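S.K.: Quick one: the structure is below, questions incoming.
The values are calculated or read from the model by the stated rules, or taken from the named source; none is laboratory data. Bear in mind that the values here come from a model prediction, so they are computed numbers and not experimental data. Neighbour counts are summed over all protein chains in view; Cβ atoms, including those assigned to glycine, are modelled from backbone coordinates with ideal geometry. These area figures cover heavy atoms from the full protein model, side chains too; ligands, DNA and RNA do not enter into them. Shrake-Rupley method; radii C 1.70, N 1.55, O 1.52, S 1.80 Å.
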Amino acid sequence: MTIRNLIRIKKKNGKFDFIPLILVLIFGTVWYLIIDLPDKKFWTEKSLIGFIEMEETPKSGTLELFKNGSFGASYHRADYSCTYQGNYEIIDNRLVLKRTDLTELTDKVFTTEYLINRKDSILKPIKNGFMEIGISKIME
């Protein structure tokens, strides 16, 4: 359709309105860049990435800590995934996720306090009944 309109405008020596074309190109480019980004929070760097897989259940989780003091805890099931965000604080080797409802929202995959064991690359939960999170990447 647009090509026919361009040919008709060219034959009649009419003016073509480039503003809609430019807007479509800008929105298309921005959409492509946002969708194609590998990181969901591209404006801040990750400082820790951890993964937990619960044996014999379809539940798993990914914990990402960012350098700006925020975190993303992704709760994965066989048919869906949800990411819950909040802030965190590290005091000595103790990680505190500042989101009180995280345990309920993630069906007890994540808790709010962990001990950081850099030697074994794990986050060990302070409360009983939770699994350790394996650290796959730490950036200092």
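S.K.: With every protein chain left in place, what is the accessible area per residue of the chain in square angstrom, probe 1.4 Å?
M.R.: Per-residue accessible area for the chain comes out at 72 Å².
S.K.: Relative contact order for the chain: what is it in percent, counting Cα pairs under 8 Å that are at least 6 residues apart?
M.R.: Computed value for the chain: 17 percent relative contact order.
S.K.: Please tell me which of these pairs span more than 19 angstrom C-alpha to C-alpha: LYS98/LYS124; LYS67/LYS127; LYS59/LYS119; LYS67/LYS137?
M.R.: With Cα atoms farther than 19 Å apart: LYS67/LYS127; LYS59/LYS119.
S.K.: Let me ask something else. Given springs between every Cα pair under 10 Å in a Gaussian network model of the chain, which of TYR32, TYR114, TYR84 has the largest fluctuation?
M.R.: Per the Cα network of the chain with a 10 Å cutoff, TYR32 tops the list.
S.K.: Right, next: For P(r) over Cα pairs in 10 Å bins from 0, in percent, one of [x] 10, 33, 22, 10, 9, 9, 6, 1; [y] 12, 44, 35, 9, 1; [z] 12, 42, 30, 13, 3, 1, 0 was computed from the structure I shared and the rest are decoys. Which label?
M.R.: Computed from these coordinates, P(r) over Cα pairs in 10 Å bins from 0, in percent corresponds to label [x].
S.K.: Using per-residue counts of other Cβ atoms within 10 Å, averaged over each peptide, order 74-83, 47-56 from highest down.
M.R.: 47-56, 74-83
S.K.: State the three equivalent ellipsoid semi-axes of segment 67-138, derived from the C-alpha gyration tensor as the square roots of 5 times its eigenvalues, in descending order and whole Å.
M.R.: For segment 67-138, the semi-axes come out at 19, 14, 13 Å.
S.K.: Would you mind working out the magnitude of the charge dipole of segment 21-140 relative to its Cα centre, with +1 at each Lys and Arg C-beta and -1 at each Asp and Glu C-beta, to the nearest 20 Debye?
M.R.: 260 debye
S.K.: Where does helix 2-11 land angle-wise versus the long Cα axis of the chain, in degrees 0 to 90, nearest 10?
M.R.: 30 degrees
S.K.: Quick one: length gained pulling LYS46 to ILE19 fully straight, 0.36 nm per residue minus the C-alpha distance?
M.R.: Full extension of this stretch gives 5.8 nm more.
S.K.: Give the carbon-plus-sulfur fraction of the accessible surface of segment 86-140 in %, rounded to a whole number; probe 1.4 Å, heavy atoms of protein chains only.
M.R.: Ligands and nucleic acids excluded, carbon and sulfur reach 47 percent.
S.K.: Could you give the nm distance between label points at LYS127 and GLN85, where each point is 7 Å from its Cα heading toward the beta carbon?
M.R.: Taking the simple label geometry, LYS127 and GLN85 are separated by 2.4 nm.
S.K.: Show me 127-133, 24-30 ranked by packing, highest mean number of other Cβ atoms within 10 Å first.
M.R.: My ranking of the peptides, most packed first, is 127-133, 24-30.
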